[in-house]
């Protein structure tokens, strides 16, 4: 589901929609929507509670999935404001964040 309100775009994925093929299509559609929207900046609420082992997770993102997400978002070439929220599987927070961010230098424009 994606909704557009004014100058914002929000998209969510349900757990039932997960799977390699479906997830890849949704990622492509989401990135395409951001590009077509013509945003000058990307504001991301990065909730690590989407991790597959998180007790609050309604989806099932793996650590590799966080790495892919970070790589694809960097590929947009947009300035990013990233607000970390959520994440209740405490044992995985650091590793998932490292997977997403890779290194601070990668995010500099």
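The values are calculated or read from the model by the stated rules, or taken from the named source; none is laboratory data. Because the structure is a prediction, the values reported are computed rather than measured. All Cβ positions, even for glycine, are placed from backbone atoms using ideal geometry, and neighbour counts span all protein chains on display.
Across segment 81-104, what is the number of residues that are in a helix (DSSP H, G or I) and surrounded by 15 or more Cβ atoms within 10 Å (Cβ to Cβ)? Even if it seems obvious, please write down each step before you answer.
Step one: filter segment 81-104 for residues in a helix (DSSP H, G or I), giving 90-101, 104.
Restricting the remaining residues to those that are surrounded by 15 or more Cβ atoms within 10 Å (Cβ to Cβ) gives 92-93, 96-97, 99-101.
Residues that pass the stated criteria total 7.
Step by step: first the residues of segment 35-47, then only those that are over 12 Å from the mean Cα position of the chain (by Cα) and surrounded by fewer than 16 Cβ atoms within 10 Å (Cβ to Cβ), then the one that is farthest from residue 83 (Cα to Cα). Which residue is that? Result: 36. Look at (1) surrounded by 14 or more Cβ atoms within 10 Å (Cβ to Cβ); (2) over 13 Å from the mean Cα position of the chain (by Cα); (3) at pLDDT 90 or above and you find that residue 50 fails only one, number (2).
So which of 78, 69 is modelled with pLDDT of 90 or more, outside any strand (DSSP E or B) and surrounded by 13 or more Cβ atoms within 10 Å (Cβ to Cβ)? Don't jump to the end; show me each part of the working.
Working: 69 fails: modelled with pLDDT of 90 or more.
Being modelled with pLDDT of 90 or more, outside any strand (DSSP E or B) and surrounded by 13 or more Cβ atoms within 10 Å (Cβ to Cβ) holds for just one of 78, 69, which is 78.
Please work out if residue 64 is exposed (fewer than 13 other Cβ atoms within 10 Å of the Cβ) and at pLDDT 85 or above. Answer is yes for this residue. Only a single item in (1) within 14 Å of the chain's Cα centre (by Cα); (2) at pLDDT below 85 is not met by residue 19, and it is number (1).
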